[in-house]
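Can you keep this structure in mind? I'll have questions shortly.
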Amino acid sequence: MSMRQISQARRAAAAVTAAVALTFALAACGSDGDKPDQASKAGQSSAPDNGGAVDQGGKGNPGSANPQPDKVLTTLKGQDGMELDITAAVRDSGGFVTVQGNMRNTADADFNHTSDWSGSELEIKQAVGGGSVAGATLVDAKEKKRYYVLRDTENRPLVTTLSSVKAKTSTPVFMQFPAPPETVNQVTFSLPTFQAVTLRLGSE
């Protein structure tokens, strides 16, 4: 997905801020195991911490006209030679957290099982109509709360959609989540079939 498309998705998220503001408030104080609602899917559940945090070194802005060069913060190993390089985990002024990276296929064959990354929720699979990274979550281990990806007013997740990754190529990806409280600067990021990693949140 291009930087322009990411910027467009960010504007779509901003457009539904008013509609999901109450949801965010409830998500920040909800009990362990809450289900995500239809507006934002920002439900929360308990999960363990997964080790030391990877520091978010820059203040990258996916909507910037002059984006900073990608700096790999950490690499997550997946199945069949797939790797996800995380390049940013940024809290922005709109009340969102945007995680960006590059999905790399290090194998000699195309990877066509991207629907595994969408998670198990049928509504998401129907909304994206194929593969995506909508199964990603952020976990606030301190408060034991889990945050799911945001959705727009048509129930589409604010993430990259992709049907395959060609052999020996990479494609940029992004995911947007409701932001945890300002006092939280460390979260655990996970995506189905990949190892989990703990990230420190940067800012714009």
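On average, how much accessible surface per residue is there in region 143-204, in Å², for a 1.4 Å probe, leaving out ligands, DNA and RNA?
42
Further question on the same structure: What FRET efficiency comes out for Ser203 versus Glu121 if R0 is 25 angstrom and r is the Cβ-Cβ distance? Round to the nearest 0.05.
The pair Ser203/Glu121 has a calculated efficiency of 0.25.
Now for a separate question. What are the extents of the Cα atoms of region 67-199 along their three principal axes, in Å, largest first?
Between the extreme Cα coordinates on each principal axis of region 67-199 lie 44, 33, 29 Å.
Using R₀ = 30 Å, calculate the FRET efficiency as 1/(1 + (r/R₀)^6) where r is the Cβ-Cβ separation of Lys71 and Glu182; round to 0.05.
It comes out at approximately 0.80.
Accessible area, 1.4 Å probe, largest first: how do Lys166, Lys125 sort?
From most exposed to least exposed: Lys166, Lys125.
OK, next. With every atom except the alpha carbons ignored, what do you get for Rg and Dmax of region 79-136, in angstroms?
Using the Cα atoms of region 79-136, the pair Rg, Dmax is 13.5, 41 Å.
For a quick check of understanding: with a 1.4 angstrom probe and all protein chains in place, what accessible area in square angstrom does Asp108 have, to the nearest ten?
140
Two decimals is fine: what is log10 I(q)/I(0) at q = 0.17, 0.18, 0.26, 0.32 Å⁻¹ for region 113-155, from a Debye sum with one equal scatterer on every Cα and no solvent?
Debye output, listed in q order: -0.50, -0.55, -0.89, -1.11.
The values are calculated or read from the model by the stated rules, or taken from the named source; none is laboratory data. Note that the coordinates shown come from a computational prediction; the quantities given were computed from them, not determined experimentally. FYI the Cβ positions are ideal-geometry reconstructions off the backbone, even for glycines, and counts take in every protein chain you see. These area figures cover heavy atoms from the full protein model, side chains too; ligands, DNA and RNA do not enter into them. Shrake-Rupley method; radii C 1.70, N 1.55, O 1.52, S 1.80 Å.
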